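Following: one structure in structure tokens, then a few remarks.
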Amino acid sequence: MKRWFLSYMFLAILSLVIGVGIFVALIGRPQVAVINVSYVELDGFTADEINKTLQFVRDDNSIKAVVIKLNSPGGTVSASANVFLNTVKIRDKKPVVVLVGDIAASGGYMWLLGANYVYAYPASMVGNVGAIMNLPAGASSPSENVVPTGPFKLTGGSYRTYIGWLESIKDEFIQTVFSQRGDRLKITPEELAGGKIYFGSDAVRLGLIDALGTEVDAINKAAQLAGIRNYTLVDVNAALKEQGTNLSFSKFGNYSSNSVKEQFPYIHYMFWEPK
Amino acid sequence: MGAKRLIIVPIVVIVSLVGSLSFFYNGRYVPPKTPPPSAAGKVPQAYVSSAFVDSPAKQTGTLVIDESHFNSFSEQEIAILLSRVTARGYEIKSVGSLTTFMGSDARLKEREALLEDGLRIANSFLVALPWNEYTTRERELVRNFVDRGGRLLLIGEPTRRNTINQIAQDYSIIFANDYLYNVKEHEDNFRYIYLRDFAPGEITRGLKTVVFYVASSLSLENGGLVFTDNNTFSSTREQTGRFSPVVQAANGNVLAISDLTFMSPPYNSVMDNDRLISNIADYLTGSGRVFKLSEFPHFFGPKVDVIVGRDELLSSAQSLASLVNQHNRTAELKERENYLQETAFLGLWEDSNQVEHYLTGAGIQVNKTVVTPFGQKTQTQGTALILLQENQGRHILIILGDSRDTVKEAVARLKSGEFRQGLVSDNLGIYTITEAVPQRVAGGTTPAPVKGGNGN
């Protein structure tokens with residue numbers, strides 16, 4: 001009798017271990033990844049760095065939800081659209097919740113449109129939809145020595161064409177806001193086109209973001225959307241560092257708005273804070 | 001019995017699996033059905049220039065442009081407007097130079113003198129985007145010019161710092177420190193506003209829609225000519241209103257516009273901008289400026305007949321005709337007076353009967369003395385008279401002297417400008433000229449003083 005009992009126990013314990021082992025091997029304990037973007041101005045370089053973190057969280061199957069702590073005044077149009085689209089790709093697989101820190105303006109706001117849910121603090125600055133451009137100088141006198149093959153080879157287009165493009169880019173931005181925020185928005189396209197910055201409370205009222213909250217709220221929401229509990233947290237910045245990838249935006253931003261303007265005199269989704 | 005015990009394995013495995021799942025998962029993520037962002041934005045419009053044909057009516061006169069206040073524009077930007085003005089027969093002159101800074105204290109007197117000389121000959125005056133401030137004297141010169149019927153065009157723009165309000169405020173016009181914008185309807189950028197509301201008048205004749213590229217609002221009660229719509233805001237007031245970027249004041253002799261860009265290519269060809277530029281050119285060349293004798297020969301119209309009382313004065317008549325011709329007019333020697341034509345008459349005192357009606361009309365009596373209506377009595381010997389009379393829009397200039405040399409000297413003083421020193425009224429000059437004709441510096445500039453000169 002005793003032998004019978006012991007053998008059943010042994011099998012039960014073994015089966016339990018096997019069962020848990022199968023769970024761990026195939027499904028795994030769920031994780032919520034936290035990406036901390038302390039401050040970043042979006043350009044080609046920083047977009048690449050951000051995309052490393054996005055790819056990390058997208059490809060790791062044990063990560064079931066993502067929280068992005070976002071702090072950005074925006075940047076170039078291409079970089080902003082880049083990180084937005086890559087965030088949408090994550091959203092197609094697992095929920096993304098954004099927590100706005102000090103600012104998510106212009107390109108930074110475009111980025112957070114890729115999330116399922118957005119939190120901010122009451123004094124967070126959000127919005128500033130639109131684009132800015134340093135236009136090329138007018139057509140210069142033709143030169144004997146520098147010979148282009150077309151009238152716009154040197155400038156890329158006429159002044160008026162650039163103005164038209166700028167307006168198109170603004171329209172695309174507004175379209176993106178409306179397509180991603182949908183019925184949550186309580187603002188007209190004309191008012192949005194004004195380019196205003198909204199503080200957290202107003203942004204919630206207008207449907208530009210979803211709620212005021214903290215990091216804990218963001219993590220809980222991400223878990224709720226993913227349908228998980230008893231999860232672990234993953235600091236993506238630290239995880240990548242362990243792999244040998246140091247992210248520059250984890251430190252305070254090296255670029256000032258003025259230097260971005262100088263280095264990248266093209267179209268920006270950027271909030272140039274009044275000095 | 002052994003096989004029966006093995007059944008516990010799959011059961012416990014399944015139970016532990018389900019238990020683990022339940023411990024860590026309470027639902028499933030369902031991605032939202034948010035539509036993917038579309039690349040279809042507004043297609044930038046292709047620009048099609050409006051067809052406009054200018055039909056200039058010919059006038060005579062001079063437009064003077066202020067370039068002495070370090071003005072923030074290039075001549076290229078107003079080239080189209082200037083070409084319309086010259087097509088209407090006007091001459092263009094500028095005061096100062098856009099690249100020369102005359103704002104230092106040391107150069108203010110020089111600048112005032114330049115402005116005075118410029119306004120002396122101007123039918124209309126254009127002030128655009130001045131950087132340096134105007135002196136009290138300069139503002140007075142401009143006011144006097146407008147008071148005498150000269151037409152003033154003031155151009156400002158909010159994208160460039162300027163002091164235009166110093167002049168504008170003399171006519172109760174203020175260029176506000178704002179810009180007008182419309183986010184609902186605009187040409188490519190919210191600052192490029194459509195204007196479709198016009199008060200009737202010469203400036204707005206034939207206009208349906210114009211486009212201004214960054215304009216400010218102008219404040220003037222009851223002077224607005226062009227108005228914004230209900231969706232146009234002022235950047236400082238953050239509210240809509242019936243703002244006006246084009247106003248007219250001083251009985252129509254002052255026109256203020258708060259955008260320069262619409263005049264420049266390619267913006268001039270948008271909508272009715274070209275027509276507006278032509279209307280402004282008509283305004284500038286429609287000046288009713290009243291010229292005095294001191295502003296010789298700008299009181300004359302395009303054609304002038306020069307008549308002599310006797311043949312010995314033909315040489316002086318030729319000199320006078322040449323002088324008038326240098327100022328964009330056509331002066332020709334004629335045998336007889338044409339009472340419909342601008343006229344200059346040269347004669348000796350004995351010929352004064354040929355122009356007696358003009359002299360009498362001016363209250364001047366000629367015998368052995370010349371008596372003016374101011375009580376002045378001068379011997380005719382060694383004396384020259386220059387009189388400007390106006391009769392129903394026709395100007396008659398009369399030069400009388402006691403000898404051929406005296407008349408010649410009078411014409412020389414007209415050429416050099418010294419005649420202004422002998423004026424006894426706005427339209428009359430009396431000059432005492434000795435037999436010795438002074439030598440002049442080449443170019444007719446200030447000569448050695450004349451002995452016994454009258455009031456010189």
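The values are calculated or read from the model by the stated rules, or taken from the named source; none is laboratory data. As the structure is a computational prediction, the values presented were derived from the model and not from experiment. Cβ placement follows ideal geometry from the backbone for every residue including glycine, while neighbour counts extend to all protein chains displayed.
Here is a yes/no grid of residues against (1) out of contact with any Ser or Thr (no Cβ under 6 Å at 6 or more places or on another chain); (2) surrounded by 14 or more Cβ atoms within 10 Å (Cβ to Cβ); (3) at pLDDT below 95; (4) more than 9 Å from every other protein chain (Cβ to nearest Cβ):
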site	(1), (2), (3), (4)
A:Lys94	yes, yes, no, no
A:Val126	yes, yes, no, yes
A:Ala139	yes, no, yes, yes
A:Phe152	yes, no, yes, yes
A:Gly157	yes, yes, yes, yes
A:Lys170	yes, yes, yes, no
A:Asp183	yes, no, yes, yes
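Yes or no: the range B:277-287 includes at least one residue that is among the aliphatic types (A, V, I, L, M) and in a strand (DSSP E or B).
Going residue by residue through the range B:277-287, those that are among the aliphatic types (A, V, I, L, M) are B:277, B:280-281, B:284.
Keeping just the survivors that are in a strand (DSSP E or B) gives none.
No: zero hits.
Condition check ((1) closer than 16 Å to B:Lys408 by Cβ; (2) part of a helix (DSSP H, G or I)) across all residues:
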| site | (1), (2) |
| --- | --- |
| B:Phe299 | no, no |
| B:Ala317 | yes, yes |
| B:Leu320 | yes, yes |
| B:Arg336 | no, no |
| B:Glu356 | no, yes |
| B:Leu359 | no, yes |
| B:Gly363 | no, no |
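Just a yes or no: is a residue in the range B:302-315 of a type outside the set (Gly, Ala, Ser), part of a helix (DSSP H, G or I) and buried (at least 17 other Cβ atoms within 10 Å of the Cβ)?
So in the range B:302-315, the residues of a type outside the set (Gly, Ala, Ser) come out as B:302-308, B:310-314.
Then drop every residue that is not part of a helix (DSSP H, G or I), which leaves B:311-314.
This time we only want the ones that are buried (at least 17 other Cβ atoms within 10 Å of the Cβ), so: B:313.
Yes; the residues of the range B:302-315 include at least one that is of a type outside the set (Gly, Ala, Ser), part of a helix (DSSP H, G or I) and buried (at least 17 other Cβ atoms within 10 Å of the Cβ).
Filtering the range A:19-35 down to residues that are over 16 Å from A:Phe84 (Cα atoms) and crowded, with 17+ Cβ neighbours inside 10 Å, which residue is farthest from the other protein chains (Cβ to nearest Cβ)? Reasoning before the result, please.
Within the range A:19-35, the subset over 16 Å from A:Phe84 (Cα atoms) is A:19-34.
So of that shortlist, the ones also crowded, with 17+ Cβ neighbours inside 10 Å come out as A:19, A:23, A:30-34.
Values: A:Gly19: 3, A:Phe23: 4, A:Pro30: 5, A:Gln31: 10, A:Val32: 12, A:Ala33: 14, A:Val34: 17 Å.
So the residue we want is A:Val34.
Does the range B:171-191 include one or more residues that are of a type in the set (Ser, Thr, Tyr), within 22 Å of A:Tyr159 (Cα to Cα) and crowded, with 23+ Cβ neighbours inside 10 Å?
Scanning the range B:171-191 turns up at least one residue that is of a type in the set (Ser, Thr, Tyr), within 22 Å of A:Tyr159 (Cα to Cα) and crowded, with 23+ Cβ neighbours inside 10 Å.
Here is a list: A:Ile187, A:Ile163. Which entry is free of Cβ contacts under 8 Å to residues at least 40 places away in the same chain and at the interface with chain B (Cβ under 9 Å from one of its Cβ atoms)?
A:Ile163
Hey, does the range A:39-56 have a residue that's within 13 Å of another protein chain (Cβ to nearest Cβ) and either within 28 Å of A:Ile169 (Cα to Cα) or surrounded by fewer than 18 Cβ atoms within 10 Å (Cβ to Cβ) (or both)? Break it down stepwise before answering.
So the first thing to find is which residues in the range A:39-56 are within 13 Å of another protein chain (Cβ to nearest Cβ), and the list is none.
No, the range A:39-56 contains no residue that is within 13 Å of another protein chain (Cβ to nearest Cβ) and either within 28 Å of A:Ile169 (Cα to Cα) or surrounded by fewer than 18 Cβ atoms within 10 Å (Cβ to Cβ) (or both).
Got a number for residues in the range B:195-223 being within 19 Å of B:Pro266 (Cα to Cα), buried (at least 18 other Cβ atoms within 10 Å of the Cβ) and touching a residue at least 60 places away in the same chain (Cβ under 8 Å)?
Count: 3.
Does at least one position in the range A:214-224 carry a residue that is farther than 21 Å from A:Asp102 by Cβ, within 9 Å of chain B (Cβ to nearest Cβ), modelled with pLDDT of 85 or more and not in a loop (DSSP other than H, G, I, E, B)?
yes
Out of curiosity, is B:Leu141 within 27 Å of B:Thr60 (Cβ to Cβ), in contact with a Ser or Thr (Cβ under 8 Å, 6 or more places away or on another chain) and among the hydrophobic types (A, V, I, L, M, F, W, C)?
no
Please list, ordered by first then second residue, the pairs with beta carbon atoms under 7 Å, 6 or more apart or interchain, first in the range A:228-243 and within 14 Å of another protein chain (Cβ to nearest Cβ), second of a type outside the set (D, E, K, R) and surrounded by fewer than 16 Cβ atoms within 10 Å (Cβ to Cβ).
Hits for this filter: A:Arg229/B:Asn26; A:Asn230/B:Phe23.
Please state which of the following conditions A:Lys196 fails to meet, knowing it meets all the rest: (1) farther than 26 Å from B:Phe233 by Cα; (2) within 13 Å of chain B (Cβ to nearest Cβ); (3) of a type in the set (Lys, Arg).
So the condition that A:Lys196 fails would be (1).
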